[in-house]
Amino acid sequence: AAAHAAWRRGFAIAPEHSALSRQAAKDAAYLPGVSTDSPPPPPPRFVTAHAAGVWQTAPDAPLLSERECLEWIAAAEAHAAKTRGGWTTSRHYAVPTTDLPVHEIPSLLPLWNAFLARSLGPFLHACFPERVRAGGSNVRVHDAFVVRYDAGAQRYLPAHVDQSEISVTLALNALGEYEGGGTTFPDPMRVTARPDIGGVVAFGGDLRHAGAPVTRGVRYIVAAFLFTV
């Protein structure tokens, strides 16, 4: 939060600065408060994957429907097909993923913002009631990106910690479409969270974790690095 505040002050002083202007545009893209005309969802149901602070949506209570997940994948693949370079591994230096930033996909950004406001925010409040206000009104996005794990290409992510206060993994395709995969937490936790399509895993960004190897097929997720204000 302090870094984002400093970037905002810097942009106000030097709006012509390319890196600060890009950051300002990114922050503006992810502003909260998006609402929809549909009725509010039922209270989120979740399970504790580990007492150290890992939560997962209940198996029969995904936050996105199968139709919505397929729409998100199609939006990402269509954007990659028409964008120079397509899927990239250059955005994260220390632990690179094959990904696309959500805020750069015009058809996906409003869907993400609505998802955060209506479904993910309440879920995070239920998981982190001391940090996240009701509805997730104080949650902000540091980064959100669609990740493509392919058994024939990038199939895993080594153990690391995130640049986030809260990290989220949203599963975009069904478990039957690939083998392996999941967000795995090594010793001493020794637990792997593998939600089915539309399911979410949330955890503190300082928890060491990895992307378990995909041994067959392709796995799509959205990873999000979040903080509170």
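What the table shows:
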read-out	value
Strands (runs of 3 or more DSSP E) lying entirely in the range 171-217 (those with 1 or more residues that are open to solvent by less than 30 Å² (accessible area, probe 1.4 Å) and hydrophobic (A, V, I, L, M, F, W, C))	183-185, 191-193, 200-204, 209-211
Residue list for the range 142-151, restricted to those being over 14 Å from the mean Cα position of the chain (by Cα) and either in a loop (DSSP other than H, G, I, E, B) or hydrophobic (A, V, I, L, M, F, W, C) (or both)	A151
Residue in the range 1-22 that is least open to solvent (accessible area, probe 1.4 Å), counting only those that are of a type outside the set (A, V, I, L, M), over 19 Å from L226 (Cβ atoms) and in a helix (DSSP H, G or I)	G10
Any hit, the range 152-168, residues being touching a Gly at 6+ places or on another chain (Cβ under 7 Å), assigned to a strand (DSSP E or B), free of Cβ contacts under 8 Å to residues at least 60 places away in the same chain and surrounded by 18 or more Cβ atoms within 10 Å (Cβ to Cβ)	yes
Matching residues, the range 193-229, being hydroxyl-bearing (S, T, Y) and over 25 Å from L116 (Cβ atoms)	T215
In the range 100-128, the residues that are surrounded by fewer than 19 Cβ atoms within 10 Å (Cβ to Cβ), more than 14 Å from Q56 (Cα to Cα) and of a type in the set (G, A, S)	S107, A114
Output for the range 117-138, where each listed residue is in contact (Cβ under 8 Å) with a residue 60 or more places away in the chain, assigned to a helix (DSSP H, G or I) and touching a helix residue (DSSP H, G or I) at 6+ places or on another chain (Cβ under 7 Å)	L120, G121, P122, L124, G136
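The values are calculated or read from the model by the stated rules, or taken from the named source; none is laboratory data. Note that this is a predicted model, so its numbers are computed, not measured. Positions of Cβ are backbone-derived with ideal geometry, glycine not excepted, and every protein chain shown enters the neighbour counts. These accessible areas exclude ligands, DNA and RNA; they are computed on the full protein's heavy atoms, side chains included. Shrake-Rupley method; radii C 1.70, N 1.55, O 1.52, S 1.80 Å.
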